[in-house]
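Data block below; observations after.
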Amino acid sequence: MTLDAPGANATDCAGLNGQAPRCHHIDQLPAVRPGLPECAECRHLGRTWARLLVCLTCGWVACSDDAQGGHSRAHYEETDHPVVATLASPSTWRWCYVHRRTV
């Protein structure tokens, strides 16, 4: 049995023709409205950010791992909200922290 994440059977979730296993987290996301286009934590600390990500569970906007703070990952670690997207548009890029890959 191949495991993608603890308790997730990747073979059961595999895509066609060897595609990466489907991330079931994206099926559970509500429609959210992103917050202000800034990382509040970085702004409070007087830092700048490289790229902003929006939590697709609650709309929280924070800096990516490219920034000094990595506040988007910190938000995931606090809340277990699994998927983020870049705030830059147009983009369809999404990242699942649970599976540690783009989805």
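Values quoted throughout were computed directly from the atomic coordinates according to the rules given, and no laboratory measurement underlies them. Note that the structure is a prediction, hence the values are computed from the model and not measured. Backbone-built Cβ (ideal geometry, glycine too); neighbour counts: all protein chains shown.
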Q: Name the residues whose placed amide hydrogens come within less than 5 Å of the amide hydrogen of residue 57, ignoring near sequence neighbours (fewer than 5 apart) on the same chain.
A: 83
**Q.** Shape of region 23-102, Cα gyration tensor, a/c cut at 1.5
**A.** prolate
Q: Once you have the Cα-Cα distance between residue 86 and residue 65, take 0.36 nm times their residue separation minus that, and quote the gain in nm to one decimal.
A: 6.4 nm
Q. So what J values fall out for region 78-84 if you push phi through Karplus, 6.51 cos²θ - 1.76 cosθ + 1.60 with θ = phi - 60°, rounded to Hz, Gly and Pro as x?
A. 6, 10, 6, 6, x, 10, 10
Q | In nm, spacing of pseudo-spin labels at residue 26 and residue 43 (7 Å Cα→C-beta vector) | A | 3.0
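Using 0.36 nm times the number of residues separating residue 51 and residue 74, minus their current alpha carbon distance, what extension gain do you get?
Working it through step by step, the gained length comes to 6.8 nm.
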Q: Show the residues, 5+ positions off or on another chain, whose built amide H is closer than 5 Å to the amide H of residue 101.
A: 96
**Q.** Full-extension gain in nm, residue 58 to residue 100, via 0.36 nm per residue minus C-alpha separation
**A.** 13.2 nm
Q. In a shell of Cβ-Cβ distance under 13 Å around residue 51, excluding residue 51 itself, what net charge do Lys and Arg (+1) and Asp and Glu (-1) give?
A. -2
